[in-house]
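The next block holds one structure in the form of C-alpha cells; read it before the comments.
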Amino acid sequence: MSSTWRNLVIGIFLSTLIMVFGVWLIHSDIKSQNLKMLHQQHIINRNYIQEFKNTQTQVLMTLAHNPDVCRFNAQKSSNVSSLFYSFLKSDKKIMQLRFIDTDGNEKIRIDRLPDGTIRHTPKTELQNKADRYYFQEFMTLNQNTVGFSEFDLNIENGKVDIPFNPTLRAGIPVYHNGIKNGIIVINYYMDDWIRQLKRSNASAFFIVDSEGYFLVHTDPLWSWSKYHTVPKKATEFFHLSPSLFVPLQETDYRWINDNTVAFSLDLYGQKLLALYQPKVSPNELLLRRLVQFGFIILLSLMFIVIPLIGIIRDNFRRIEEEKNKNEAILIHQSKLDAMGDMLGAIAHQWRQPLNSIGLIIQDIVSAFKYGELNHEYLKTSEKGVMEQLQFMSQTIDAFRNFFTDDKKEEPCNLIEIVNNIHTLYQKQLNEYEITLEILCENTFEEIHPCQNEEEPQKFNLNSHPALIKQILLSLITNAKEAIISAEHTLQNRTISLTLYTDSDIFRIDVSDRAGGMDPLITERIFEPYFTTKEIGTGLGLTIAHTLTKRHLKGNLIVRSDMEKGITTFTLTLPRYHADTEKHTL
C-alpha cells in the first residue's frame, strides 16, 4: 500500500474516531443538560406540592383551634356549619369538609357539587366512616398534627366515582380540654391541581405508584390505570422491565430509557415515582448546536452591541428619572392644592371664634364703662376667651398633623383620619349647604355612624396617613364640585364616606348624589389631563390613582349609577404592606 493510501486510511480512521467522540460528547452534553433541567423541574414540582401542604395545614389548624369547633355540640352545630361553609366557599379546591366524631359518625358534612353548588348534607345522608383507612389513620394523630391520605380516586358508598375524581384527604384531630372529640376531614378536588402541575412542566410528566400503575399520564386513557377495566402498568407503556419502576431513595434518580428519567416523589407520605420526558425534538437539539457555533459570530457583534445597549440604557434611565421627577412635581403640586383647601377650611373654622372673642372684648369695655366690671366678671370673660383660643389652637394642631411626612409608614386609624378631614372641611362645605357624613361598616352587613363604632381598633392599619388624607380630600373636593355644578336640592347635597373592614383589606367609599357620570367618562376618569371641567388640569384624580397604586399598594376605582344618580369612588387599602410583617390578629 502506497503512503498516499495509508495516509488516507489513517485520516479516515482518525476523522471517524473524532466524529464518534464528538457525537458522544454532544450526546453526553445533551443528556447532562436534560438531567439538570429535569432535576430543576422536579424541585419546582416538590415545592409546589409542599406549598399546597403548608397552606392546607394552616387551614386545618385554624379550624381545629376554632372555639366553636372545639366545643362542638351536635345540637348546636349551626356556628360550625357556617364556618365550614365559609371555608368551602373561599377555596374551590375543597370538595368536602366534614366533622367526624370519635366513633366515625359524620356530624357535619358540607359538599361542593360538580356544578359548583355548595350543599349542607342532611342528617339522613350522613355516613359512618369508621372502617375507612383515612379515618383510622387520622384518629391516631396527636394534637396539632395534620395528616394526609394517599392520593387516590374518590369513593362514595364503596364505589369509585365515574368519571374519575382524583382526591386527596387531609385531617386533624379536634381536642377540647385535652380530650379528643373528633376529627376534621377535608377532601380536595385534585383534578385542577394535576392540570396545573402538568402545565408548569416544560416536559411530559408522569406519576407512577409503588405498584407500577400510572396515577398521572399525558394521555388521559392511561391515567389512573389501576382502575381501568383492564389494569395497565407502566411496564406495558414503556415496554421495559418492572425493576425500572421500583421506588427510589429521596435523592436518587434513574434513567428509564434515553429520553425518560425517574425521580423519587414523596406525595404527603406516599412514595411514588415522577417521570419526565423532555419535549425537545432532534431538530431543536440541532438548532441548539447551531446556536453554539453562531455564538462565535454573536461574540464579535457584541463589541458593537454592548456600547449601543449602554447608550440605550443611559437614555432610558434619563427618561425614567425625568418621568419620576415630573411625577414628584405633580404630586407635590397636588399636595399644595390640598393644603390650600385646608387653609380655606381653617379660615371658615376661625371666623366664629374670632367673632366671639371680639364680642367678649366689646362686652368687657361696656362693663367697664358702666362700672359693672369686677373680678367675677373678668373671670367669666377670661374663660370664654380661653375656650375660643383653645378651639383655634386645636384647629391649628389638626392642620399641622394633616400633612405629616408622607414617606413614612406608621400605625394609624381610618376613623381618626376621616374625622380629622371632617373637622377641618365641614365648615367650608356648610357654605354650599353640603353635609359630609362618616359611616362605618365592619361586617359587610350593617352601616352605622362611626361615632357608634364599638371597636374602632378594627380600623387600625400600617400605612401613610398623609397620603390617605390627600387622596380622600381630592375625592371629597371632586364630589363637592359635582354637587355644586349639578345644583341639586338640599336633600341630595350629601357626601358619604363609608368605611368597611375585612381581615386583610380596608375599603373607603366616597359617594355623592350629583346625578352620576356617563360610562364614557368613568372609563377615562383616571387618565392624565382628562377633565370635564371648564377650568381644570385633569391631574387630581390621576395623582390620587398613582399615589394609591404605587405608594399605598392599594386600588382606586369608580362606579356610577346614572339611574340612581350616585357616583362612588372606592379606595381599597391593605391592612399590611408587603414589607410589613403580618401578625395574627
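One table, with the values for the structure above:
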| read-out | value |
| --- | --- |
| Karplus 3J(HN,Hα) series, Hz, for the stretch 35-49 with 6.51 cos²θ - 1.76 cosθ + 1.60 (x for Gly, Pro) | 4, 5, 5, 5, 5, 4, 5, 5, 4, 4, 5, 5, 5, 4, 5 |
| Long-range tail of P(r) for the stretch 234-278 (Cα pairs > 16 Å, %) | 33 |
| Cα-based shape type of the stretch 31-123, given that a ≥ b ≥ c are square roots of the gyration tensor eigenvalues and the cut on a/c is 1.5 | prolate |
| Inter-label distance, nm, simple model (7 Å from Cα along the C-beta direction), Glu382/Glu211 | 9.8 |
| Exposure rank, largest accessible area first [His65, His375; 1.4 Å] | His375, His65 |
| Calculated SAXS-style log₁₀ I(q)/I(0) at q = 0.29 Å⁻¹ - the stretch 1-53, Debye, Cα scatterers | -0.97 |
| Inter-site label distance for Glu321 and Glu410 at 7 Å from Cα along Cβ, in nm | 3.2 |
| Segment Thr423-Asn259, extension gain: residue separation times 0.36 nm, minus the distance between their alpha carbons | 51.7 nm |
| Cβ-Cβ FRET estimate between Asn142 and Ile557, R0 fixed at 60 Å, reported to 0.05 | 0.80 |
| Protection proxy ranking of 557-570, 84-97, 461-474 - average other beta-carbon atoms within 10 Å, highest first | 461-474, 84-97, 557-570 |
| Residue-by-residue Karplus 3J(HN,Hα) for the stretch 14-21, coefficients 6.51, -1.76, 1.60, Hz, glycine and proline x | 5, 5, 5, 4, 5, 5, 4, 4 |
| Local net charge near Glu563, Cβ-Cβ under 13 Å (Lys/Arg +1, Asp/Glu -1) | +1 |
| Most to least packed among 173-179, 210-216 [average Cβ atoms within 10 Å] | 210-216, 173-179 |
| Violating pairs (Cα-Cα greater than 18 angstrom) within the set Lys53/Lys93; Lys159/Lys226; Lys408/Lys480; Lys198/Lys279; Lys31/Lys279 | Lys408/Lys480 |
| Ranked by how many other beta carbons lie within 10 Å on average, peptides 525-531, 273-279 from highest | 273-279, 525-531 |
| Inter-label distance for Gln362 and Asn79, nm, one decimal - labels placed 7 Å from Cα along Cα-to-Cβ | 6.4 |
| Separation of alpha-carbon centers, the stretch 447-526 and the stretch 90-106, rounded to whole Å | 42 |
| Rounded percent of accessible protein surface that carbon and sulfur make up, the stretch 91-205, 1.4 Å probe | 49 |
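The values are calculated or read from the model by the stated rules, or taken from the named source; none is laboratory data. Here the structure is a predicted model, which means the values were calculated and not measured. Quick reminder, even Gly has a Cβ in these numbers, built from the backbone with ideal geometry, and neighbours come from all protein chains shown. Heavy atoms of the whole protein, side chains included, go into the accessibility calculation; ligands, DNA and RNA do not. Shrake-Rupley method; radii C 1.70, N 1.55, O 1.52, S 1.80 Å.
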